[in-house]
Amino acid sequence: MPFRDICGQDRPVRLLRRAWAGGRLAQAYCFTGPPGVGKRTTAVALAQAVKCPSPLTAPSGGEGPDACGACRACTRIAAGQHPDVTLIAPEEKTVITIDQIRGVAARAGLRAYEGTAKVWIFDPAHEMQEPAANAFLKTLEEPAAGTLFILVTTTFSALLPTIRSRCQEVRFPALAEEHLRTILERHGRNTEDAAAAAAAAGGSAERALALDAPEFCAMRARLVEEVWNALDSLPTLLDQAERLAKDREGLEEALEALLVFTRDAAVAGIGPPGAPLLPAERRAEVARVTGDATLAAVLQVHAAQREAQQALAWHAQPRFAAERMLLKMRQAVGRK
Ligand SMILES: [Zn+2]
């Protein structure tokens, strides 16, 4: 995908495009940002730009030159089959090994097959073991002419400081909902599904694409109801805490769903009866779950959920955070 088709990352894309068009590309870049926001896609676009033999000087819908996206070089790069553009990814999904880096170092000194540029994309770069990272550093310190290294990572701080200092960092923010919707619609989702998945994806296109929107919404609704029902009895509550806390990521997702629901419950409680802020259907759904909980109780529930989210961010034990939250919720809504 050439630069002009990348959605929602205008700033990093503009920076790279200008550097390329002006012949000012750095030898090594580090693309940082949350997962699924277009870092790898942009790395591929940059590789296409430097390797395309017939770039467009004024493509429609874009500013400045761009790869053509259609020639043999561009299509081979997009398919991961160009001999001068290599993706270095962890072997067997674990780490990038020193052998892989030795391979890079050996080939970096050779001539390119076509043209002069050779591109290496490391994704995720933070999966380089320390010996591999040290070996890579040598290549980075004495780069052969025409080499371009692109390190892709969600955790810039996990790279060796010596590597970080030799790369120009390019930050990719989480994607805005409108851009997620566009990406989903490009993948054939209808408007309604795209909107639901975009809202639930936390700024990640990867996540949004993985979500089956209606099924996902139903699953979240079930979870929220289950949690509220569990407040009725202490043993059920403790069981629920255990289930929620099975893994940290699952608990984080559950908290997101709970918070969205609680916000709606608060809004339902605030809106004047004559001019409700929530659609009637949603209000009925909220009321069915929260029962006769007052607005003050709902706000306390919200605080307990935010506190749990905060605690997780500070590496609290998931089980402890979940139990504490449920107990506070139970206290807030006055269930005995
Ligand atoms: Zn091309």
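Hey, does the range 292-299 have a residue that's outside any helix (DSSP H, G or I) and either of a type in the set (Asp, Glu) or surrounded by fewer than 15 Cβ atoms within 10 Å (Cβ to Cβ) (or both)? Within the range 292-299, one or more residues are outside any helix (DSSP H, G or I) and either of a type in the set (Asp, Glu) or surrounded by fewer than 15 Cβ atoms within 10 Å (Cβ to Cβ) (or both). May I ask you to verify whether LEU159 is within 19 Å of the chain's Cα centre (by Cα) and over 21 Å from ALA49 (Cβ atoms)? Yes, satisfied.
Could you go through the range 184-194 and let me know if any residue there is within 28 Å of ARG40 (Cα to Cα), open to solvent by less than 30 Å² (accessible area, probe 1.4 Å) and hydroxyl-bearing (Ser, Thr, Tyr). No, the conditions are met nowhere in the range 184-194. The C-beta contact set for the range 16-43 (first residue without any contact (Cβ under 8 Å) to a residue 24 or more places away in the chain, second residue assigned to a loop (DSSP other than H, G, I, E, B) and open to solvent by 50 Å² or more (accessible area, probe 1.4 Å), distance under 7 angstrom, 6+ apart or interchain) comprises ALA19/LEU25. Which of the residues that make up the range 1-31 are more than 16 Å from the ligand (Cβ to nearest atom), assigned to a helix (DSSP H, G or I) and open to solvent by 60 Å² or more (accessible area, probe 1.4 Å)? Across the range 1-31, the qualifying residues are ASP10, ARG11, ARG14, LEU15, ARG18. Look at ALA198 and say whether it is under 23 Å from the mean Cα position of the chain (by Cα), in a helix (DSSP H, G or I) and on the phi < 0 side of the Ramachandran plot. Spelling it out, ALA198 is indeed under 23 Å from the mean Cα position of the chain (by Cα), in a helix (DSSP H, G or I) and on the phi < 0 side of the Ramachandran plot. Residues that are of a type in the set (A, V, I, L, M, F, W, C), within 14 Å of the ligand (Cβ to nearest atom) and without any contact (Cβ under 8 Å) to a residue 40 or more places away in the chain were ranked within the range 57-74; the one that is most open to solvent (accessible area, probe 1.4 Å) is ALA70.
Of the residues making up the range 45-56, those that are in contact (Cβ under 8 Å) with a residue 60 or more places away in the chain, within 12 Å of the ligand (Cβ to nearest atom) and not in a loop (DSSP other than H, G, I, E, B) number 3.
Per-residue answers, yes or no, for (1) of a type in the set (Gly, Ala, Ser); (2) modelled with pLDDT of 95 or more; (3) in contact with a helix residue (DSSP H, G or I) (Cβ under 6 Å, 6 or more places away or on another chain); (4) away from the ligand (no atom under 16 Å from the Cβ):
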{"residue": "ILE77", "(1), (2), (3), (4)": "no, yes, yes, no"}
{"residue": "GLU92", "(1), (2), (3), (4)": "no, no, no, yes"}
{"residue": "VAL95", "(1), (2), (3), (4)": "no, no, yes, yes"}
{"residue": "GLN100", "(1), (2), (3), (4)": "no, no, no, yes"}
{"residue": "GLY103", "(1), (2), (3), (4)": "yes, no, no, yes"}
{"residue": "GLY109", "(1), (2), (3), (4)": "yes, no, no, yes"}
{"residue": "GLU114", "(1), (2), (3), (4)": "no, no, no, no"}
{"residue": "LYS118", "(1), (2), (3), (4)": "no, no, no, yes"}
{"residue": "ASP123", "(1), (2), (3), (4)": "no, no, yes, yes"}
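The values are calculated or read from the model by the stated rules, or taken from the named source; none is laboratory data. This one's a predicted model, so the numbers in the text were calculated from it and none came from an experiment. So basically every Cβ, Gly included, is an ideal-geometry build from the backbone, and we count neighbours across all protein chains shown. SASA here: full protein model, heavy atoms, side chains in, ligands and nucleic acids out. Shrake-Rupley method; radii C 1.70, N 1.55, O 1.52, S 1.80 Å.
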